[in-house]
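To keep things clear, I will list the structure first and then write my remarks on it.
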Amino acid sequence: MDIVQDAMLKLAEKYGGKPAGELPMLFQRILQNTIRDFYRRQKVRSTWTTLLSAFTSSDDDESDPLETLEVEQGSYTPATPHASLEQTQVLAIIEEEVRRLPPRQREAFLMRYWEDMDIAETAAAMGCSEGSVKTHCSRATHSLAAALKAKGIAL
């Protein structure tokens, strides 16, 4: 509701003098951009909470390992300083590989798996179809898996 209110305020402040017929399309675009801005800021502020190297590999290329993983919040805590260092290094590698994804894949991936949004919410936030979200997420997970495997991190 806050995002919608912010979008309405932006519309009123910047486009109050426009004809009434133009306002719905302007509002839709402002709302889409406000939603994207919100999730981008939230992504930057959020911290990594899931260790991707905990995923098990599957020979089935069609399966999405992130869809089948069930991890409780805070379920993995390193027992030794060495394990803690390894976890920090792996997370840094994962973060870098996520940054290297194409923008739409990165956006879909982070909204689906880090922000825990469902496909419909992600599609609405990105302004695309649910099929596009599924495609972007699938390509992102396969790209990440290949990049991490190349660096010796097993999924």
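The values are calculated or read from the model by the stated rules, or taken from the named source; none is laboratory data. Predicted model only: the values in this text are computed from it and were never measured. Note: ideal-geometry Cβ built from the backbone for every residue, glycine included; neighbour counts use all protein chains shown. Just so you know, the surface numbers come from the protein's heavy atoms only, side chains and all, with ligands and any DNA or RNA stripped out. Shrake-Rupley method; radii C 1.70, N 1.55, O 1.52, S 1.80 Å.
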Response to the item:
Stretched fully, the stretch from LEU85 through ASP118 gains (0.36 nm per residue minus C-alpha distance, one decimal, in nm) 8.6 nm
Worksheet item: Given the protein chains as shown and a 1.4 Å probe, how many square angstrom of ILE119 are accessible, to the nearest 10?
Response: 40 Å²
Worksheet item: Which net charge results when you count Lys and Arg as +1 and Asp and Glu as -1 among the other residues whose beta-carbon is under 15 Å from that of GLN89?
Response: -3
Worksheet item: For ASN33 and LEU9 in the same chain, what is the full-extension length gain: residue separation times 0.36 nm, less their Cα-Cα distance, in nm?
Response: 7.3 nm
Response to the item:
With x for Gly and Pro, the residue-by-residue ³J(HN,Hα) of the range 112-129, computed from phi through the Karplus equation 6.51 cos²θ - 1.76 cosθ + 1.60 at θ = phi - 60° and given in whole Hz, is 6, 9, 8, 8, 6, 8, 7, 5, 5, 5, 5, 4, 5, 5, 8, x, 9, 7
Practice prompt. Between the alpha-carbon centers of the range 88-129 and the range 133-155, tell me the distance in whole angstrom.
Written response: 12 Å
Fill in: Counting all C-alpha pairs of the range 109-155, share separated by more than 13 Å (%)
56 percent
Item to complete: From largest accessible area down, sort CYS128, CYS137; use a 1.4 Å probe on the protein chains.
Response: CYS128, CYS137
